[in-house]
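The structure under discussion appears below in the form of structure tokens.
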Amino acid sequence: MFRNNLLIAWRSIFRNKINSVVHISGLTIGLAAVILISLYVRDEQSFDRFLRNSDRIYQVNIDALMGGQGGMLSNTPPAIGPALQKTFPDIAAYTRFYVMRNEVISNDATSNTQNHFTEKRFLAVDSNFLEVFDYALKKGNASTCLQKPYSIVLTESTARKYFGNEDPVGKHLVLDAYKQPFEVTAVLKNIPASSTIQFDLLIPTTACPPVQRFGWSWVWLQMNTYVLLNKNAPHDPAAIRRLVSKFPDMVKVQAASAFKRIGQPYDEFIKKGGKWDFYLQPLTDVHLHSANIGSQFLYTLGDIKYVYIFSAIALLIIILACVNFMNLSTAQSVTRAKEVGIRKVLGSGKKQLIRQFLLEAAMFCFISVIFALALVILTLPSFNTVAGKTLEFKTIFQSGIWLFILLLTIVTSLLAGSYPAFYLSAFNPVSVLKGGFFKRSLSSLLIRNGLVVFQFTISIALIICTIILFRQLQFSQNKDLGLQKEHVIIIPNGEKMTARDEETLRQELSAMPGVFHASISSSLPTMNAFGDTYIPDPSVAKEKLAKDILLSSFLVDEHFIPTLNIQMLQGRNFSKEFNDSASVILNETAVAQIGWKHPLGQYMTYPGNNDQRFRVVGVVKDFDVESIRNGMSPFALFHASSKTYAIGTSYLVISADAQRTKSMLSRLEGIWKRFAPAVPFEYSFLDKHFEAMYDREKRMGTVFGIFTALSIFVACLGLFGLSVYTAVRRKKEIGVRKVLGASVQNVVILLSKDFIRLVFLASIVAFPLAGWAMNQWLQDFSYRVSMEWWIFVLAMILAMGVALCTISAQAIRAAIANPATSLRSE
């Protein structure tokens, strides 16, 4: 019997070739989309799980509020790790890393080859780092390779870059900031892409001066700290919450001397509204659950929100494919009705017919899975490029995804085939064979129309979301930043030469044809800014002052403001005519937060540098230094001569003529090599840095748009199926109308208006759904576009246009058919 049913199903598929192609196309696209999204979701959820102790490793985060500014950060002070291990027995170990600034590294003089590279993925770590994070070693010993102060660990690709095919262990590398060479003690296999922490080189923290200098500090937030729980320690969420609840008492005791040392007693800090709370985040949650946590790896982290969004899209697309299958199957009911009637007369029972139609659905799904897998193979490279991933097809068979695909095929077969099976098997053979089938089938019209409304509700909602998403991205990239970002060249590594040479280089660059301005700055917008607390001076200001203020800042020269074309609102720029070592320029937000009505001439004190005082000499218009996801923060510019702090970086920034930017790069390199021949010449453009901040949103927007287009295509297949059914059902009516004088246009409008009503109804349902969803997404942006009414109307018009294009061919075909054919008695 099964063989007979299989044969009938196979013949049915080949007998209705066009319908079968449409069936398979819809299911293939739906299944392929689900498989691609499943690969993406699995990859996102797999981060850091390859580590042996991943379930026992926790990242230490801080929830801080200082000077009216704050938030959650993964950057922690050096002292928190030792304090946690010492205080709480459940914590077996801690380990930390510090992100090294760009270092120029080369082979030592004894090497056969001389290579110089600027390394940007470079960490200083505690000696037990590779024991807590058991990255695969190719050579060396994880427990001893970082014990010596001047040891260095390389990844496999980095070792090859410096030493080729030679064995690097025992050889030496020279770091430009260190007099003593570092010995290569181990080589790691390349760090997996599914590791949150990405690096190329490691040195011990014992060789890192900043870490040694601030090892006592509880306010120097420059390290990432991780703790490893004991094997027998409970690490369920409730136990972790109980452990974290004990942290405040420990911090109050341990941090007191450090806060007093910077002139900010801890008790007084808390009374003034400050907050310095630490908590633990599971390592396996870091990649996807850090959207609101400032991180060293902010631009490489994922977001659970996008996992949810794409999972929902995958579910919707496969449901759309199943709904499409149902509509097409019921559209075929006209041609299958007599077959069912005859088979029932010949003795087929309802259960046998249901098994027959479910088997046909299963065959369609099986064929579609084969095509879907082939489509995934073809599109995976492009999907990787768009999504910024390195997904591999073989992952399907190395994980549980193949089981998911098998289950998905079974569920899709049942979901797609159940309604047609029960619907077709319920035909009354007497009614069908007498020609009364249409009277019976009209009762199902509401269901089919409901399915079309459901399909277009999803499609219209996705169109609205796509439009708003891309408008927000466009707004992010085109927003007035308060500074010039186009044609601004950034040259790093200025700290590799003396201050005098750097200034001489700046003067020579500024004299080049095509260069408008050249400046030197400790940092630049989109890069890390120094942040600390400052106290408005009540002895000078007449106005009532706010509390301490947390200021982000750059150390700059007098050319910085004109180079970036930042607008001065009050006062003056830094100038060589004045001694500006004790001067500060604030942005509007800083002045407003302090509460100064007349800021010029006011003073503020910096407790972090022996109560150094600064006089406000100017106020600039707010300018963006980070992503617009965050609101405008209080910002200050200090003159480099103040030496108020040192972060170890210096950049040359050049505003250039747009017509000469490319041609001057080779000249810039020639000049650079005269001043720093051992330092590789590098450059970038400021506008590209701003664009990079939104790479994740751009990638996700593109992926979202692709799957939106697929969902619309699948919905149109369902609409096509219903239009076919409607045209056949109303064939005689159309014939009568044409005989009575109806034109082709009249018939097309007759067949189209019902579908337009359905799309309009779908729009009414989709509008609030899309509005709610995008309002949730836009919450992440401090500056965001408004959801204007025309976006919703445009989505409805687009959907109607697509619907009309879909059904027009079938409507015109029915309209131009010879009425004699449709009215002829059978």
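The values are calculated or read from the model by the stated rules, or taken from the named source; none is laboratory data. Being a predicted model, the structure only gives us computed values, none of them experimental. For neighbour counting, all protein chains shown are included, and Cβ atoms are generated from backbone atoms with ideal geometry for every residue, glycine included. The protein model used for the area step is the full one, side chains on, heavy atoms only, and it has no ligands, DNA or RNA in it. Shrake-Rupley method; radii C 1.70, N 1.55, O 1.52, S 1.80 Å.
Observations
- Of all residues in the stretch 219-233, those that are in contact (Cβ under 8 Å) with a residue 60 or more places away in the chain and either in a strand (DSSP E or B) or over 30 Å from residue 260 (Cβ atoms) (or both) total 10.
- Selected residue (criterion: farthest from residue 715 (Cα to Cα)) from residues of the stretch 745-767 that are of a type in the set (A, V, I, L, M) and open to solvent by 60 Å² or more (accessible area, probe 1.4 Å): 749
- Residues satisfying the stated conditions in the stretch 583-605, i.e. part of a strand (DSSP E or B) and either crowded, with 23+ Cβ neighbours inside 10 Å or at positive phi (or both): 584, 585, 586, 587, 604
- Out of 814, 766, 809, 727, sole residue that is modelled with pLDDT of 75 or more and either touching a Cys at 6+ places or on another chain (Cβ under 6 Å) or under 27 Å from residue 22 (Cα atoms) (or both): 766
- Selection count where residues are open to solvent by less than 20 Å² (accessible area, probe 1.4 Å) and at pLDDT below 90, scope the stretch 55-65: 1
- Some residue of the stretch 542-558 being more than 27 Å from residue 491 (Cβ to Cβ), open to solvent by 10 Å² or more (accessible area, probe 1.4 Å) and either modelled with pLDDT of 95 or more or of a type in the set (S, T, N, Q) (or both): no
- Residue count for the stretch 221-239 satisfying the condition of being closer than 21 Å to residue 79 by Cβ and modelled with pLDDT of 90 or more: 7.
- Filtering the stretch 371-396 to residues that are open to solvent by less than 70 Å² (accessible area, probe 1.4 Å), among the β-branched types (Val, Ile, Thr) and at pLDDT below 90 leaves 386, 395, 396.
- Some residue of the stretch 651-673 being within 20 Å of residue 559 (Cα to Cα) and among the basic types (Lys, Arg): no
- Single residue of 492, 525 found to be more than 30 Å from residue 270 (Cβ to Cβ) and open to solvent by 10 Å² or more (accessible area, probe 1.4 Å): 492
- The set of residues in the stretch 236-254 being open to solvent by less than 40 Å² (accessible area, probe 1.4 Å) and β-branched (Val, Ile, Thr) consists of 240, 244, 251.
- Test: residue 29 is open to solvent by less than 40 Å² (accessible area, probe 1.4 Å) and modelled with pLDDT of 90 or more: no
- Single unsatisfied condition, residue 88 versus (1) open to solvent by 30 Å² or more (accessible area, probe 1.4 Å); (2) closer than 30 Å to residue 268 by Cα; (3) touching a strand residue (DSSP E or B) at 6+ places or on another chain (Cβ under 9 Å): (1)
- The number of residues in the stretch 110-159 that are of a type in the set (A, V, I, L, M, F, W, C) and closer than 30 Å to residue 677 by Cβ comes to 8.
- Of the set (1) outside any loop (DSSP other than H, G, I, E, B); (2) in contact (Cβ under 8 Å) with a residue 40 or more places away in the chain; (3) of a type outside the set (Asp, Glu), all apply to residue 146 but (1).
- Test: residue in the stretch 97-115 that is open to solvent by less than 10 Å² (accessible area, probe 1.4 Å) and in a loop (DSSP other than H, G, I, E, B): no
- Residue in the stretch 226-235 that is of a type in the set (Ser, Thr, Tyr), closer than 20 Å to residue 133 by Cα, open to solvent by less than 10 Å² (accessible area, probe 1.4 Å) and in contact with a helix residue (DSSP H, G or I) (Cβ under 6 Å, 6 or more places away or on another chain) present: no
- Residue that is farthest from residue 648 (Cα to Cα) [pool: residues in the stretch 495-522 that are open to solvent by 20 Å² or more (accessible area, probe 1.4 Å) and assigned to a strand (DSSP E or B)]: 516
- Filter pass, residue 124 being outside any loop (DSSP other than H, G, I, E, B) and in contact with a helix residue (DSSP H, G or I) (Cβ under 6 Å, 6 or more places away or on another chain): yes
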